[in-house]
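Engineer: Shown below is the structure under consideration.
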Amino acid sequence: MRFATGILIGALLTLARTPAAAQEAVAITNVSVIPMDRERVLADQTVLVRGGRIVAVGPAASVPVPADARRVDGAGKWLIPGLTDMHAHLFSDGPVPDSVAADELRIMLANGVTTARLMIGTPEQLPLRARVASGEIPGPTLFLASPQFAGRRYGEPHFNGVVVATPEEARAAVRQVADQGYDFIKLTLFISLPVYEAIVDEAARRGIKVIGHVDPQVGLARALAAGQQIEHLAMYFEAALRDGAPMTGSVSDYFIYRAANWESVDWLDDAKLDSLGRATAAAGVWSTPTLTFFKLAFGTGQPDSVIQARLDYAVLPDSLRRQMVAGRDYYWRNPPSAARRARYVEARNRIVRAIHQAGGRILAGSDSPELFLVYGWSLHRELQSLVEAGLPPYAALEAATRNPAEWLGTLAESGTVEPGKRADLVLLDADPLADIRNTQRIAGVMRAGRWHPAPELARMIDESAARIRASLP
Ligand SMILES: [Zn+2]
């Protein structure tokens, strides 16, 4: 009952607070639309937005522009749905003050991210989600994973989790986070099989999805059968070791920092990588491979010159820069051989290719703000990584638009450019189907009908970056 009342009051506040700008009409004229309903480009269109919704998409010659509409010249430009980052975190979950969250979200939005799934929930994110939904904070629509479920505490002092060591604890924890209003159950480390079974069963009763890592005690086959949505390609390498391999552990997830485990990369079986991709598709399990983060962190590396040249770097407080450099150098003081790292990257790409080719579904996630890769910029890099892995540009775009909306159950609201949908849009200066890097050439972002042209986006980034940088020493 308490929750029903809260929802009603929330809805009334939303109506009261809907900003005037969301009510104004905007017409993006003569634009090439990539609607993402199927693979096609609609040339010379007018897209009309009013009250935060797309009200018309049609040939420029046949869609009249109302006199009160603000006109955005889309000639020579491409319009895509707003992007979704399916794997994001906030610095404000950990060391950075909570007040900085609004700036973190603002930079995501300025980079075209209009929906984000935050992957380790905190109590502070629940009101944050509501403040974004009401229009009070400009930012992506938020979906919140629960605090992490883990078999024991680790990673202090920022554990942000619930210890689930027994099936009873697991069931109680599922009920608790569902009652608190989190959208998904997020699993990380040290989950035993009995605990996993209790989580999956209780989550099914509550109608809440289970997402995250796969524990070696659970294994990939069980996670696929359970229909868990899997992050980071966790446990695929363990399942893809050649018959007769002298080890069982690998480096797909937990044990990547164990130098000895890297020998397992030599024992990966391509046929098994491919068949696991097919099994994923057959199980209907959707995958967020977070290719960029793992490739750059553990495959190719990120030298100082590369990091410092990125726009991301300007956002980072000095103390976080130092922490990240220390984290990077811990791994790279004794790195695996170049051959093994190259094989590691290619094997991960191969799994993604196999999932896609078998008709499985990929979700784009950046793991921002891990290791110098932050807010939105990192999602564009993930699209590039998906194409490098062998996905056509259209499929990479689907992974950040239509697929997330389908998985989140919000396709009626978002994910494509069609009348009736919330006006979450990104206008590009060049065709992303010709070159996926063109998603980075942003001419403007529209969020729930509110138009932000490129100069305003640049200002938003500068202001928010300055505040984030100043929030810690
Ligand atoms: Zn993560």
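Here, each number is a calculation from the coordinates, and none is a lab measurement. Predicted model, so just to flag it, every value in this text is computed and none were measured. All Cβ positions, even for glycine, are placed from backbone atoms using ideal geometry, and neighbour counts span all protein chains on display.
Engineer: Calculate the spin-label point distance for Asp431 paired with Glu346, positioning each point 7 Å from the Cα along the beta-carbon direction, and give it in nanometres.
Structural biologist: Inter-label distance under the simple model: 3.2 nm.
Engineer: Same structure, new question: What does the net charge come to around Arg467 if you take all other residues with beta carbon closer than 12 Å to its beta carbon, with K and R at +1 and D and E at -1?
Structural biologist: Working: positive: Arg106, Arg469; negative: Asp103, Glu104, Asp462, Glu463.
In short, -2.
Engineer: Tilt of helix 454-469 relative to the longest C-alpha principal axis of the chain, in degrees (0 to 90, nearest 10)?
Structural biologist: The angle comes out at about 40 degrees.
Engineer: Go ahead and collect, in residue order, the members of the stretch 103-123 whose backbone nitrogen is under 12 Å from a label point 7 Å along the Cα-Cβ direction of Asp318.
Structural biologist: No residue passes the distance filter.
Engineer: With N residues in the stretch 53-105, what two-decimal value do you get for its Cα radius of gyration over 2.2 N^0.38 Å?
Structural biologist: Working: Rg = 18.8 Å, N = 53, 2.2 N^0.38 = 9.9 Å.
For the stretch 53-105, the normalised Cα radius of gyration is 1.89.
Engineer: Now for a different question. Could you give the length gained by full extension between Ala225 and Ala271, i.e. 0.36 nm per residue of separation minus their alpha carbon distance, to one decimal place? Write out the running numbers ahead of the final one.
Structural biologist: Numbers: separation 46, 0.36 × 46 = 16.56 nm, distance 2.04 nm.
Result: 14.5 nm gained on full extension.
Engineer: Taking the Cβ of Arg447 as the centre, find all other residues whose Cβ is under 10 Å away and add up their charges (Lys, Arg: +1; Asp, Glu: -1). Please report the intermediate quantities before stating the final value.
Structural biologist: On the way: positive: Arg422, Arg450; negative: Asp424.
Spelling it out: positives minus negatives among the neighbours equals +1.
Engineer: At a threshold of 8 angstrom on Cα-Cα distance, excluding pairs fewer than six apart, so keeping six or more, what relative contact order does the stretch 212-335 reach in percent?
Structural biologist: Working: 120 pairs, mean separation 29.3, N = 124.
Relative contact order of the stretch 212-335: 24 percent.
Engineer: Which of Ala239, Ala145, Leu320 sits farthest toward the positive end of the charge dipole of the chain, with +1 on the Cβ of Lys and Arg and -1 on the Cβ of Asp and Glu?
Structural biologist: The listed residue farthest towards the positive side: Ala145.
Engineer: So how strong a dipole does the stretch 83-408 carry about its Cα centre when Lys and Arg Cβ are +1 and Asp and Glu Cβ are -1, to the nearest 20 debye?
Structural biologist: Working: 32 positive and 36 negative charges, 70 e Å.
Here the size comes out at about 340 debye.
Engineer: Another question, if that's okay. List the residues, sorted by chain then number, that are 5 or more residues from Asn111 or on another chain and whose placed amide H is less than 5 Å from its amide H.
Structural biologist: none
Engineer: Quickly work out the Ala470-to-Arg278 label distance, labels modelled 7 Å from Cα along the C-beta direction, and quote it in nm with one decimal.
Structural biologist: 5.9
Engineer: For the stretch 353-473, build the convex hull from the C-alpha positions and give me its volume per residue in Å³.
Structural biologist: Spread over its residues, the Cα hull of the stretch 353-473 gives 127 Å³ apiece.
Engineer: Right, something else. Tell me, how many Å apart are the Cα centres for the stretch 137-197 and for the stretch 403-472?
Structural biologist: Cα centres, the stretch 137-197 to the stretch 403-472: 29 Å.
Engineer: To continue, here is another question. Taking a cut-off of 44 Å, what percent of all Cα-Cα pairs in the chain are separated by more than that? The partial results should precede the final answer.
Structural biologist: Working: 11897 of 111628 pairs.
Roughly 11 percent, once rounded to a whole number.
Engineer: With unit charges on the beta carbons (Lys and Arg positive, Asp and Glu negative) and the dipole taken about the Cα centre of the chain, which residue among Ser287, Pro336, Ile80 sits farthest to the positive side?
Structural biologist: Ile80
Engineer: For every helix of n ≥ 4 consecutive DSSP H residues, a contribution of -39,500 (n - 2.57) applies; sum these over the chain, divide by its total residues, and give [θ] at 222 nm rounded to the nearest 500 deg cm²/dmol. Walk me through the intermediate numbers first.
Structural biologist: Values: 17 runs with 180 residues, N = 473.
After summing the helix terms and dividing by residue count, I get -11500 deg cm²/dmol.
Engineer: How tilted is helix 318-332 with respect to the longest principal axis of the chain? Cα atoms for both, answer in degrees (0 to 90, nearest 10).
Structural biologist: 40
Engineer: Once the Cβ-Cβ distance between Arg333 and Ala309 is put in as r, and R0 is 30 Å, what FRET efficiency do you end up with, to the nearest 0.05? Working shown, then result.
Structural biologist: Details: r = 23 Å, r/R0 = 0.77.
So, using R0 = 30 Å, E works out to roughly 0.80.
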